[in-house]
1. What pairs can you find where one residue is in region 313-327 and touching a residue at least 24 places away in the same chain (Cβ under 8 Å) and within 16 Å of Asp248 (Cβ to Cβ), the other is of a type in the set (Lys, Arg) and open to solvent by 30 Å² or more (accessible area, probe 1.4 Å), and their Cβ atoms are less than 7 Å apart, with a gap of 6+ or different chains?
2. All but one of (1) open to solvent by 40 Å² or more (accessible area, probe 1.4 Å); (2) farther than 30 Å from Leu213 by Cβ; (3) at pLDDT 95 or above; (4) not in a loop (DSSP other than H, G, I, E, B) hold for Pro39; state the number of the condition that does not hold.
3. Could you tell me how many of the residues in region 82-102 are within 16 Å of the ligand (Cβ to nearest atom) and crowded, with 24+ Cβ neighbours inside 10 Å?
4. When region 12-33 is examined, which residues are found to be modelled with pLDDT under 90 and not β-branched (Val, Ile, Thr)?
5. Within region 61-81, which residues are within 16 Å of the ligand (Cβ to nearest atom), in a strand (DSSP E or B) and of a type outside the set (S, T, N, Q)?
6. Identify, by number, the condition in (1) crowded, with 18+ Cβ neighbours inside 10 Å; (2) within 18 Å of Pro39 (Cβ to Cβ); (3) under 20 Å from the mean Cα position of the chain (by Cα) that Glu280 doesn't meet.
7. Provide a single number: the residues in region 149-180 that are among the hydrophobic types (A, V, I, L, M, F, W, C) and more than 24 Å from the chain's Cα centre (by Cα).
8. Please enumerate the residues belonging to region 103-114 that are in contact (Cβ under 8 Å) with a residue 24 or more places away in the chain and surrounded by fewer than 19 Cβ atoms within 10 Å (Cβ to Cβ).
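The values are calculated or read from the model by the stated rules, or taken from the named source; none is laboratory data. Keep in mind the model is a prediction, meaning the values are calculated, not measured. Here the Cβ positions follow ideal geometry from the backbone for every residue, glycine too, while neighbour counts run over all protein chains shown. To get the accessible areas, we keep the full protein, side chains included, count just its heavy atoms, and leave off ligands, DNA and RNA. Shrake-Rupley method; radii C 1.70, N 1.55, O 1.52, S 1.80 Å.
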Amino acid sequence: MTIRKALLSAAILSSTLGSAAQAEEVNVYSFRQEFLLKPLLEAFTAETGIKVNVVFASKGLLERIEHEGRNTPADLLLTADIGPLHDAVERDLVAPISSEVIDRNVPAHFRAEDGKWIGLTSRARIIYASTERVKEGEITSYEELADPKWKGRICTRSGKHTYNLSLIGSMIAHHGEAEAEKWLEGVKANLARKPQGNDRAQVKAIKEGVCDLALGNSYYYGKMATNEKEPEQKEWAASANLVFPNQDSRGTHMNISGAALTKYAPHPEAAVKLVEFLTEKKAQQLYAEANFEFPVRPNTPWSDLLEEKMSGFKGDEINLGKVAAQRANAAKLVDKVGFDN
Ligand SMILES: [Fe+2]
């Protein structure tokens with residue numbers, strides 16, 4: 001052995017030993033915002049000694065994992081919607097997770113049968129209804145949004161937004177494509193204006209009298225009703241009643257924030273430990289409360305505000321994978337009926 005080679009192998013040996021002695025770590029690519037995750041990840045590190053490194057981004061993370069291929073440092077992908085999780089699976093970027101802890105903590109309809117995505121918090125896509133112009137019980141289902149009596153009275157963001165693609169996907173999953181198309185045409189005919197803005201902007205439009213019904217995620221109620229930075233949002237929230245659709249049938253359409261293990265995760269065991277940690281009671285409570293979402297884990301306390309405004313509703317228990325599988329068809333329907341035009 002040459003001196004150089006000997007030095008090199010000694011260096012490799014010591015760096016291997018060095019890393020074994022160092023703390024374990026897990027690398028996360030997250031679409032979820034930092035403020036939601038930070039306290040949870042700190043608690044995880046305190047409990048396990050495993051360090052968590054996070055890359056936060058609002059877009060481009062799937063492309064990044066794809067581009068990095070086998071060399072990706074990413075172990076886990078965290079998303080705010082089933083959409084990107086489903087896309088990651090379709091793009092073959094994901095490895096299955098098999099865990100008894102997760103199976104015990106996360107209801108089957110909020111995780112993939114093959115373990116390729118796991119729901120961590122849930123939210124309902126609800127109807128915000130004007131307290132002044134819509135009587136209680138006047139609208140009780142998504143299907144009724146297509147009733148001509150609501151002509152010129154409905155506001156929503158783009159039909160192509162990921163939240164609406166999942167909702168339309170659920171309509172296709174339950175009713176078939178032809179019926180879902182008729183429904184979407186009917187909803188379009190009832191719109192008060194061209195789809196625009198985010199979910200909160202629709203509730204603002206109710207407050208301003210632009211429309212009487214709006215589609216929006218449930219957690220935005222909490223974010224508006226407690227908004228000290230922009231107190232006018234409290235008035236938006238107060239202008240609407242919360243309608244959880246389809247209580248007499250399949251239940252309200254639900255979506256999740258969730259996690260997937262990357263196919264080439266360098267630290268798969270630590271990554272699964274982190275997902276397991278996030279499904280346990282304490283983390284579930286913290287994670288859900290931070291964004292006015294629902295814990296996916298049954299028998300986990302809700303925040304007071306959610307308990308008061310939202311407890312006791314029935315959520316649709318169709319496996320979200322079946323809904324996500326219809327998202328591409330949903331996008332086609334949005335184009336076909338010219339929903340956003
Ligand atoms: Fe959102």
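1. These pairs meet every condition: Asp316/Arg250.
2. (3)
3. Count: 2.
4. Initially, region 12-33 is screened for residues modelled with pLDDT under 90, giving 12-23.
Selection gives Leu13, Ser14, Ser15, Leu17, Gly18, Ser19, Ala20, Ala21, Gln22, Ala23.
5. As a first pass, look at region 61-81 and keep what is within 16 Å of the ligand (Cβ to nearest atom): 78-81.
Still in the list and also in a strand (DSSP E or B): 78-79.
The one that is within 16 Å of the ligand (Cβ to nearest atom), in a strand (DSSP E or B) and of a type outside the set (S, T, N, Q): Leu78.
6. Single failed check for Glu280: (1).
7. Filtering region 149-180 for residues among the hydrophobic types (A, V, I, L, M, F, W, C) gives 150, 154-155, 165, 167-168, 171-173, 178, 180.
Next, only the ones that are more than 24 Å from the chain's Cα centre (by Cα) stay: 150, 178.
Final tally of qualifying residues: 2.
8. If the condition is that a residue be in contact (Cβ under 8 Å) with a residue 24 or more places away in the chain and surrounded by fewer than 19 Cβ atoms within 10 Å (Cβ to Cβ), then Pro107, Ala108, Glu113 are the ones that fit.
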